[in-house]
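Take a look at the structure below.
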């Protein structure tokens, strides 16, 4: 004779509740005795009324019907795409992202509607294809009065940065030159053997001949940009090149990579997807592979901030001002200083001072601890200091200094005198503490 299976604790409680009910005990008394709610009791009662004592048994919590189950064929397709990316068999996907968004984008390219990204991740986990994420250290947020420029159109701003690496097994250093249009996440990438002014100007000229001139070039305070320690008010060859073609220059605060966030994030992508996936033999090998990564970033990489669109799909048509192909041939060094603007974002110290181009300036004490934008106008040879109040749609002119230059600026070539989008808010008039101030 088969042994009758033992009831679970929950089954015993359900049966006891029904026994008490059949004995005529009120629902309130039953619930107090077994310490359950009235809704729980009525749910048990319905199960008894529909299925008898059998209905009081334990039920599996697993879904009885699995909706939207994907086919085995689609599951294997997802696994195949992931392995293709990691294995590097497809040149166009050799440097692609390996996450769910990237796999979903490739499925759409095949006219296959992808499942939810969580489903893709579960499939990757089931096939042991999930890689642990590296923890990211949060950097401190920038002040609320940080003067962010406005991204109003493609080529409004180009963020430019370098990454330096050593070729494995060699003491030879290379520099990745990264130019990014953050409005459309469009990169222009090259690699150079040294950060000489000649190499950097050649990089910028070739970039602007291909993707067009920006209104502003945003950069950090690397020695190649700021003239180094050669004295005060020295404008580097690279800065003079920008002014020559009507491009304003924006220097972010020193040691503040978060202010150049878009290109800094791209630098991380370059390291993870490009540099770490290859053992490069020499600079020629890097130059050979780099176009594959650049093409992926432009035409195949899905961008979550743009609802999965690729860079070429964000803004396909806009007016582009390209440098002439023969521009390089007409350059004469040393380059002149041309009429234009240089902007410096700086954190004002506790003693109300800030520094640009190896020179320190003093503001009214009330601006200590603030963030300011200092703008050099080479035509009027003045330095104007602006403060952008937090969440305001205007900025304030808080100081003006005389800023005589060693060389007389030359007029901008009419070829580059074209309308450009404004990246700064309107200026609200305010009374300066002094009409003209002097540096320390």
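Quick rundown of the values:
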item: Meets criteria (surrounded by fewer than 14 Cβ atoms within 10 Å (Cβ to Cβ) and at negative phi) for residue 284; result: yes
item: Matching residues in region 276-308 - criterion: being farther than 13 Å from residue 94 by Cβ and assigned to a helix (DSSP H, G or I); result: 283, 284, 285, 286, 287, 298, 299, 304, 305, 306
item: Selected residue (criterion: surrounded by the fewest Cβ atoms within 10 Å (Cβ to Cβ)) from residues of region 254-277 that are touching a helix residue (DSSP H, G or I) at 6+ places or on another chain (Cβ under 6 Å) and more than 18 Å from residue 167 (Cα to Cα); result: 257
item: Residue list for region 348-357, filter: touching a residue at least 40 places away in the same chain (Cβ under 8 Å) and in contact with a strand residue (DSSP E or B) (Cβ under 6 Å, 6 or more places away or on another chain); result: 353, 356
item: Selection count where residues are touching a helix residue (DSSP H, G or I) at 6+ places or on another chain (Cβ under 7 Å) and free of Cβ contacts under 8 Å to residues at least 40 places away in the same chain, scope region 113-126; result: 3
item: Check on residue 280, closer than 27 Å to residue 108 by Cβ, touching a helix residue (DSSP H, G or I) at 6+ places or on another chain (Cβ under 7 Å) and modelled with pLDDT of 90 or more; result: no
item: Output for region 309-335, where each listed residue is in a loop (DSSP other than H, G, I, E, B), at pLDDT below 90 and more than 27 Å from the chain's Cα centre (by Cα); result: 331, 332, 333
item: Flag if residue 338 is over 20 Å from the mean Cα position of the chain (by Cα), surrounded by fewer than 19 Cβ atoms within 10 Å (Cβ to Cβ) and under 30 Å from residue 379 (Cβ atoms); result: no
item: Which numbered condition residue 327 misses (of (1) touching a helix residue (DSSP H, G or I) at 6+ places or on another chain (Cβ under 8 Å); (2) surrounded by fewer than 18 Cβ atoms within 10 Å (Cβ to Cβ); (3) closer than 20 Å to residue 250 by Cβ); result: (3)
item: Index of the failed condition, residue 110 passing every other in (1) within 18 Å of the chain's Cα centre (by Cα); (2) at pLDDT 85 or above; (3) at negative phi; result: (1)
item: Single unsatisfied condition, residue 142 versus (1) modelled with pLDDT under 90; (2) touching a helix residue (DSSP H, G or I) at 6+ places or on another chain (Cβ under 9 Å); result: (1)
item: Set 380, 360: member being surrounded by fewer than 17 Cβ atoms within 10 Å (Cβ to Cβ), without any contact (Cβ under 8 Å) to a residue 40 or more places away in the chain and closer than 21 Å to residue 226 by Cα; result: 380
item: Residue match in region 194-203 (condition: in contact with a strand residue (DSSP E or B) (Cβ under 6 Å, 6 or more places away or on another chain), crowded, with 22+ Cβ neighbours inside 10 Å and assigned to a helix (DSSP H, G or I)); result: yes
item: Tally of residues being free of Cβ contacts under 8 Å to residues at least 60 places away in the same chain and either under 24 Å from residue 246 (Cβ atoms) or touching a strand residue (DSSP E or B) at 6+ places or on another chain (Cβ under 7 Å) (or both) across region 364-377; result: 5
item: Selection count, region 256-294, where residues are touching a residue at least 24 places away in the same chain (Cβ under 8 Å) and closer than 30 Å to residue 378 by Cβ; result: 8
item: Matching residues, region 1-53, being more than 59 Å from the chain's Cα centre (by Cα) and not in a helix (DSSP H, G or I); result: 1, 2, 3, 4, 5, 6, 23, 24, 25, 26
item: Condition broken by residue 244, with the remaining ones in (1) touching a helix residue (DSSP H, G or I) at 6+ places or on another chain (Cβ under 9 Å); (2) assigned by TED's automatic domain parsing to the domain that holds residue 200 satisfied; result: (2)
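So that you can scan it fast, the table gives a plain yes or no per residue for (1) assigned by TED's automatic domain parsing to the domain that holds residue 302; (2) within 25 Å of residue 142 (Cα to Cα):
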| residue | (1), (2) |
| --- | --- |
| 183 | yes, yes |
| 206 | yes, no |
| 234 | no, no |
| 248 | no, yes |
| 264 | yes, yes |
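The values are calculated or read from the model by the stated rules, or taken from the named source; none is laboratory data. Treat the numbers as computed from the prediction; the structure is a model and nothing was measured. Cβ sites come from the backbone with ideal geometry, for glycine too, and all protein chains shown count toward neighbours.
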